[in-house]
Amino acid sequence: MGVEQLIVRTSGKIEAIKQLGPYGIETLITPDQEIRTTAYRVKVRADSTTSTSYHQIAEELYFVLSGDGVAILDGVEHELYAGVFLRLPPGTKHAFKAGSKGLEMLDIHAPGCRPDHDVYFVGGEVPAGFKPVE
């Protein structure tokens, strides 16, 4: 666990975005800064669909910054556009379908969650960049 510290950072630099399957993920709280939460700026490519995943421990909060699409939460579709907020309790199976504009969201996990920790995929393959949980 990191040392508690104030974080003020500018987001949106291309070199800070890591491509994980259809997600472009920018880490806003680095592993050495993590205390109890993680935060990401997430972009889903236009007209793409993510794999279905869930977290056993983390609660997940999403806020749609721009774009459009659909969130599939436990099999139910919810329209997404700028300003929509989502709270996903642990165990919520979720996937996203980005519309023609793509989808950009703020994504916060409490407690913290990373691509190699507390990410479980439902059926199919684990997207590139994520570590399968055993």
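The values are calculated or read from the model by the stated rules, or taken from the named source; none is laboratory data. It should be emphasised that the depicted structure is a prediction, and the values quoted were computed from it without experimental measurement. Using ideal geometry, Cβ is built from the backbone for each residue, glycine included, and neighbour counts are taken over all protein chains shown.
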- Task: Mind listing whichever residues of segment 79-93 are more than 25 Å from THR10 (Cβ to Cβ) and part of a loop (DSSP other than H, G, I, E, B)?
- Result: PRO89, PRO90, GLY91, THR92, LYS93
- Conditions (1) farther than 21 Å from ILE7 by Cα; (2) at pLDDT 95 or above; (3) among the β-branched types (Val, Ile, Thr); (4) crowded, with 19+ Cβ neighbours inside 10 Å; number of the one not met by THR50: (2)
- Task: Report, by residue number, each residue of segment 12-34 that is modelled with pLDDT of 90 or more and part of a loop (DSSP other than H, G, I, E, B).
- Result: LEU28, ILE29, THR30, GLU34
- Message: With within 21 Å of ILE17 (Cα to Cα), out of contact with any His (no Cβ under 8 Å at 6 or more places or on another chain), among the hydrophobic types (A, V, I, L, M, F, W, C) and part of a loop (DSSP other than H, G, I, E, B) as the only criterion, which of PHE130, PHE96 stands out?
- Response: PHE130
- Mind checking which residues of segment 91-108 are over 11 Å from LYS43 (Cβ atoms) and of a type in the set (Gly, Ala, Ser)? GLY91, ALA95, GLY99, SER100
- Query: Does VAL42 satisfy the condition of being under 25 Å from LYS131 (Cβ atoms) and of a type in the set (A, V, I, L, M)?
  - Reply: yes
- Among the residues of segment 104-129, which ones are more than 15 Å from GLU60 (Cβ to Cβ) and surrounded by 15 or more Cβ atoms within 10 Å (Cβ to Cβ)? GLU104, VAL126, PRO127
- Go through segment 38-78 and give me each residue that's of a type in the set (Val, Ile, Thr), under 13 Å from the mean Cα position of the chain (by Cα) and part of a loop (DSSP other than H, G, I, E, B). THR50, THR52
